[in-house]
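Trainee: Pasting in a structure now, in structure tokens, and then I'll have a few things to ask.
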Amino acid sequence: MWRVAAVRALRGGGAGAPRAASGAAAAQLRRRLESELEDIRGAGTWKSERVIASRQGPHLRLAGGGTGIINFCANNYLGLSSHPEVIRAAVEALEKFGAGLSSVRFICGTQSIHKDLEEKIARFHRREDAILYASCFDANAGIFEALLTPEDAVLSDELNHASIIDGIRLCKANKYRYKHMDMQDLEAKLKEAQKHRLRLVATDGAFSMDGDIAPLREICQLAQKYDALVFIDECHATGFLGPNGRGTDELLGVMDKVTIINSTLGKALGGAAGGYTTGPKPLIDLLRQRSRPYLFSNSLPPAVVGCASKALDLLMESNAIAQSMAAKTQRFRSKMTAAGFTISGKDHPICPVMLGDARLASVMAEDMLNRGIYVIGFSYPVVPKGKARIRVQISAVHSDEDIDRCVEAFTEVGRKHGALP
């Protein structure tokens, strides 16, 4: 009898117990996840995804019939996401070089357009070389681990982007966190870090949730004083800050003092996807050998490379688009402040409307959409608790009428929900 039971077990009869255990484990997991999701809903921090049924741009059509919606929440700073020349360049690259490479770069995934774009990025930033990634999140995930060892130290602004934080976690360097844009605290941390071989100060150039710009002049002065290197993430600066749109280092006159720049192709530069690191050639060479996101990710698709390359061409041909944003940003900020709102940051097209309460930010954002204005409320864990906001982003392709309509809607909704007297 025992032999029959054993044979049945070997043939799969004994598989029932593990399946039952797995089913119980899956049910337990489902209950835990549903409870956690309900907590998110209850806290008013649930993030819904609105479905767009048109191209990205200042005016959208939403799935389900929403038309004539003015978009104030895209990273489409220069309005190039749907620029006809950018689209045409993507189509031409697609037809000539195919849909994708089906390979990482070092096997058979490097085409001439990848090398051309890397050279163009380095030239734009006036650096020695550049390396492409699938995203700037990947660029940030790949640089610190490859560059820093347990002998080194990295000093990071406490409000740096999540990708910088995650990238630093992956490396074995000694980690210091200084208070947001607090130069006294940074100096204290630099003094403490003198015992390490190499010191790298890492900061966003422009902070995406607050609209403020890192004090790069002071950071670079401290770096020089304490023999440190400076790294900046320029995702919310490349293309539109500085006289020629090169970013915060150009804006603040420290291009020769910043060693490493990471940035994105997925915002101002066409808005498709992709990121990069640009800096000294030996660093870029090292990243090609050791950066895990680069070594283990497919090459950027040709269409993405084509549109990013054309966006850079347009930017380098003329700075008129980048320069047009300053007046529009000032128009929105001044009118909102006059209406009684608190707008975080200064002189940046990211204009966070500070509300404090997560539920208020979510409800107001929904009510804004009912008035034809597409904005999003941000709350914990994207921003600290008690610091909920609606982030407004100005684009070069917004008209003055678009901006005025947005301010009028905010004023109406703010009064309705008690955010304004």
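Trainee: For segment 184-212, name all the residues that are open to solvent by less than 40 Å² (accessible area, probe 1.4 Å), among the aliphatic types (A, V, I, L, M) and at pLDDT 95 or above.
Mentor: Residues satisfying the conditions are Leu186, Leu190, Ala193, Leu200, Val201, Ala202, Ala206.
Trainee: Sticking with this one: Do you know which residues across segment 367-409 are open to solvent by 10 Å² or more (accessible area, probe 1.4 Å), assigned to a strand (DSSP E or B) and of a type in the set (Lys, Arg)?
Mentor: Once the filter is applied, which keeps residues that are open to solvent by 10 Å² or more (accessible area, probe 1.4 Å), assigned to a strand (DSSP E or B) and of a type in the set (Lys, Arg), segment 367-409 yields only Arg391.
Per-residue answers, yes or no, for (1) touching a strand residue (DSSP E or B) at 6+ places or on another chain (Cβ under 9 Å); (2) within 30 Å of Lys385 (Cβ to Cβ):
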position: Ala27; (1), (2): no, no
position: Glu36; (1), (2): no, yes
position: His83; (1), (2): no, no
position: Ile87; (1), (2): no, no
position: Glu92; (1), (2): no, no
position: Gly98; (1), (2): no, no
position: Ser103; (1), (2): yes, no
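Trainee: Tell me which residues, restricted to segment 288-331, are of a type in the set (A, V, I, L, M) and without any contact (Cβ under 8 Å) to a residue 60 or more places away in the chain.
Mentor: Of everything in segment 288-331, those that are of a type in the set (A, V, I, L, M) and without any contact (Cβ under 8 Å) to a residue 60 or more places away in the chain turn out to be Ala320, Ala326, Ala327.
Trainee: So Arg123 ticks every box in (1) open to solvent by less than 10 Å² (accessible area, probe 1.4 Å); (2) over 17 Å from Tyr176 (Cβ atoms) but one. Which box is left unticked?
Mentor: (1)
Trainee: Just checking, which of Ala63, Ala162 is aliphatic (A, V, I, L, M), outside the structural domain of Thr203 (by the TED database), farther than 24 Å from Glu317 by Cα and surrounded by fewer than 15 Cβ atoms within 10 Å (Cβ to Cβ)?
Mentor: On the way: Ala162 fails: outside the structural domain of Thr203 (by the TED database).
Only one candidate passes the filter, namely Ala63.
Trainee: Moving on. Would you call Leu37 within 30 Å of Val375 (Cβ to Cβ), modelled with pLDDT of 85 or more and of a type in the set (A, V, I, L, M)?
Mentor: Details: within 30 Å of Val375 (Cβ to Cβ): yes; modelled with pLDDT of 85 or more: yes; of a type in the set (A, V, I, L, M): yes.
Considered against the rule, which asks whether it is within 30 Å of Val375 (Cβ to Cβ), modelled with pLDDT of 85 or more and of a type in the set (A, V, I, L, M), Leu37 comes out as yes.
Trainee: Let me ask something else. What are the residues in segment 32-62 that are within 25 Å of the chain's Cα centre (by Cα), more than 18 Å from Pro381 (Cβ to Cβ) and not in a loop (DSSP other than H, G, I, E, B), if any?
Mentor: Ile52, His59, Leu60, Arg61, Leu62
Trainee: When you check Arg331 against the structure, is it in a helix (DSSP H, G or I) and open to solvent by 10 Å² or more (accessible area, probe 1.4 Å), yes or no? Spell out the reasoning first.
Mentor: Numbers: in a helix (DSSP H, G or I): yes; open to solvent by 10 Å² or more (accessible area, probe 1.4 Å): yes.
Yes, satisfied.
Trainee: Something else: Take segment 334-363 and flag every residue that is part of a strand (DSSP E or B) and open to solvent by 10 Å² or more (accessible area, probe 1.4 Å).
Mentor: Answer for segment 334-363, where residues must be part of a strand (DSSP E or B) and open to solvent by 10 Å² or more (accessible area, probe 1.4 Å): Ile343, Met354, Leu355, Gly356.
Trainee: Would it be correct to say that Phe97 is open to solvent by 20 Å² or more (accessible area, probe 1.4 Å) and within 26 Å of Ser309 (Cβ to Cβ)?
Mentor: Yes: the conditions hold for Phe97.
Trainee: Does Ala202 count as more than 30 Å from Pro58 (Cα to Cα) and within 16 Å of the chain's Cα centre (by Cα)?
Mentor: yes
Trainee: Going by what's in this entry, would Ala237 be described as touching a His at 6+ places or on another chain (Cβ under 7 Å), under 28 Å from Arg389 (Cα atoms), of a type in the set (Gly, Ala, Ser) and at pLDDT 95 or above?
Mentor: No.
Trainee: Residue check: is Phe106 closer than 22 Å to Ile284 by Cβ, open to solvent by 40 Å² or more (accessible area, probe 1.4 Å), in contact with a Phe, Trp or Tyr (Cβ under 9 Å, 6 or more places away or on another chain) and in a helix (DSSP H, G or I)?
Mentor: yes
Trainee: Check segment 83-100 and report whether any residue there is at pLDDT 95 or above and under 19 Å from the mean Cα position of the chain (by Cα).
Mentor: No: segment 83-100 contains no residue that is at pLDDT 95 or above and under 19 Å from the mean Cα position of the chain (by Cα).
The values are calculated or read from the model by the stated rules, or taken from the named source; none is laboratory data. Every value quoted in this text rests on a predicted model; they were computed, and no experiment measured them. Please note: Cβ atoms are built from the backbone with ideal geometry, for glycine as well, and neighbour counts cover all protein chains shown. Note: areas computed on protein heavy atoms with side chains; ligands, DNA, RNA excluded. Shrake-Rupley method; radii C 1.70, N 1.55, O 1.52, S 1.80 Å.
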